[in-house]
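The values are calculated or read from the model by the stated rules, or taken from the named source; none is laboratory data. These figures come from a predicted structure and were not determined experimentally. Glycine gets a Cβ as well: all are built from the backbone with ideal geometry, and neighbour counts include every protein chain shown. All accessible areas refer to the heavy atoms of the entire protein, side chains included, with ligands and DNA or RNA removed. Shrake-Rupley method; radii C 1.70, N 1.55, O 1.52, S 1.80 Å.
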Amino acid sequence: MKTAKNNKSKSTQAGKKPRSKTTRKTQNKAAKKSRASKKIELTKAEEHDRKVRLIRTFAPLCGRNYQRLVELTGLNYTTVRQVLYLEKYKDIKDVFDKSERIDHQTEMWHAKTLKLKNAIPICNGTYKDLASLADIPVVTVKTYVNDPRNEQLKIALDERRSIIKLGKEKVFNERLIEAIKKFGSDIKEIAKHIGHEENYTYKLIKNSELPEVHQLITKARAEEDEKRSSPQVQDFEKHDPDFEIDSQKHFFLPHQIEFAYLAPNQVKHPAIVGGFGSGKTMSIPLRWLKLIEFRMAQGKKCDMMVLEPTTEMMRDIIVPTFDEFFERFGIPVKFFSNKKDYIITYKGQKHTCMLRSADRPRSLTGKNLSDIIIDEFDRIPYYKQKEVWRECISRIRKTEFGTCAVVTTPDGYKMTYELWGQC
């Protein structure tokens, strides 16, 4: 019985079709997908409603500007257009169309213009400072200020610049006047005081529109000329006409003596070439005195000219050197700054040295001299050197044994090397 029952059970089970594992998995997936699709459909509807609510909320605020509505809602442009053009949301479209139109570019333009307008009265007149104060890029500031629609900005900025310039000019003129009062006509010291180069300072003073500057400079120069001339009368009275520079020979260096004592009848074109601080310039007044002695022995007058590369070098180098040299030995001097003539009294007679610039070589034409000394010859540009040299050696014709000497710092293979390089 037991065996038969078991056989019957087996046969019954064998008659049914067994369910495979694959079938069960497929059914489970299908059920899940069905439930998920219902959720997705529900979520899509909710999402759509959310978008519509956003558009409905911000439609009155965007001023008929689709781009503005996109920015406010955070939706894309296509979605916004689709919703507004659906028939069932016609009420939203009507609200959108009836809202007052807002031009946001114009708003931005007015806002930035207002910022710039408020910043101009406190800026220093530059675009950079204006941009920093208004917190706007420099390029944008330039665009706004130079735009014809913002003419009032340009006018305001120009007025601010004028105020700043006047203020700076006032301060600068005060410093310039202070420097002239303190240093007189000493351009070098004035330039240091006001923080500019000497040439620029000279031009500023020359072209200044302030009468006070010209008055102070003229007064300072007159006082300096008076100071130079007043001790000269006393010195002239005390001056020993028998004084000779040979008695002070121990004050000078060997190369200075060698250059100064070269007799004109022995060397026509002497030269002293040395480095910075070697005492070259101090040998010029010494040679002048020795040339005076030589010309007096000839029964002639020493008509001398010292040539500097520029007028500034003449004023800043040779005149102070002459002052120092002749003051040391008690020789009376007088300098006419307008004529650029330096006069000394030596051996009971007055002797004149013309101080000239090599800026314009042709201006040397027509002079009749006995002796010439060219200082810093190699500082003259090479293209001018030959013309200067030719003019100078053509001028030394007033007496027999005229000389043209050179004092310079070597500067490459220029005229000094060509003339004395093989000596």
Using 0.36 nm per residue, how much length does the chain from K219 to S278 gain when fully extended, once their Cα-Cα distance is taken away? 17.6 nm
Amide hydrogen neighbours beyond the local backbone of Y346, cut-off 5 Å, H modeled: H351
HN-Hα J couplings of segment 105-120 from phi, Karplus 6.51/-1.76/1.60, θ = phi - 60°, integer Hz, Gly and Pro as x? 5, 5, 4, 4, 4, 5, 5, 5, 4, 5, 4, 5, 4, 6, 8, 4
Of the options G421, P381, V407, report the single residue whose Cα projects farthest towards the positive end of the charge dipole of segment 362-422 (beta-carbon charges: Lys, Arg +1; Asp, Glu -1). P381
Evaluate the distance, in nm, between pseudo-label points positioned 7 Å from the Cα of E293 and of D49 along their respective Cα→Cβ axes. 12.4
Among W288, Q298, Q256, the residue whose Cα sits farthest towards the positive end of the charge dipole of segment 251-340 (+1 at Cβ of Lys and Arg, -1 at Cβ of Asp and Glu, taken about the Cα centre) is Q298
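Per residue, what accessible area does segment 308-367 have, given a 1.4 Å probe and all protein chains present, in Å²? All intermediate terms of the calculation are to be shown ahead of the outcome.
Details: 2760 Å² over 60 residues.
Heavy-atom SASA per residue in segment 308-367 reads 46 Å².
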Non-local amide H neighbours of T310 (under 5 Å, H modeled in plane, Pro and chain starts lacking H): which ones? A358
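In segment 254-382, carbon and sulfur make up what percent of the accessible area (probe 1.4 Å)? Could you put the intermediate results ahead of the total?
Details: 2760 of 5320 Å².
Within segment 254-382, the accessible surface is 52 percent carbon and sulfur.
Assuming R0 = 25 Å, what is the FRET efficiency of V138 and H110, from their Cβ-Cβ distance, to the nearest 0.05? Numbers along the way, then the final one.
Numbers: r = 20 Å, r/R0 = 0.81.
Efficiency for this residue pair is about 0.75.
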With θ set to phi - 60°, apply the Karplus curve 6.51 cos²θ - 1.76 cosθ + 1.60 along segment 327-334 and write out the HN-Hα couplings as whole Hz, x wherever there is a Gly or Pro. 5, 4, 9, x, 8, x, 9, 8
Can you give me the % of accessible surface on segment 45-182 that is carbon or sulfur? Probe 1.4 Å, all protein chains present, nothing else counted. 54
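Stretched out fully, how many nm does the piece from E151 to K170 gain, at 0.36 nm a residue minus the Cα gap? If you can, show how the numbers build up before the last one.
Working: separation 19, 0.36 × 19 = 6.84 nm, distance 2.86 nm.
Additional length available on full extension: 4.0 nm.
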With Rg and the Kirkwood Rh both taken from Cα atoms, where does Rg over Rh land for segment 257-360? 0.94
Just to be sure I understand the model, the point goes 7 Å from the Cα along the line to the Cβ. What's the resulting I122 to R68 distance in nm? 3.1
Excluding ligands, DNA and RNA, what is the solvent-accessible area per residue of segment 154-225 at a probe of 1.4 Å, expressed in Å²? 68
Mind giving me the nanometre distance, one decimal, between the label points for Y382 and K188, set 7 Å out from Cα along Cα→Cβ? 3.0
Across segment 102-175, how many lysine pairs, 8 or more positions apart or on different chains, have C-alpha atoms separated by under 16 Å? Please give the number. 12
About the Cα centre, charge dipole magnitude for segment 291-370 (Lys/Arg +1, Asp/Glu -1 at Cβ), debye: 460
Residue by residue through segment 153-163, the couplings from Karplus 6.51 cos²θ - 1.76 cosθ + 1.60 with θ = phi - 60°, in Hz, x for Gly and Pro, are 5, 4, 4, 5, 5, 4, 5, 5, 4, 5, 4
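At 0.36 nm per residue, minus the direct Cα-Cα distance, what do D359 and D129 gain on full extension? Give it in nm, one decimal, please.
Working: separation 230, 0.36 × 230 = 82.80 nm, distance 4.38 nm.
Net length gain for the segment: 78.4 nm.
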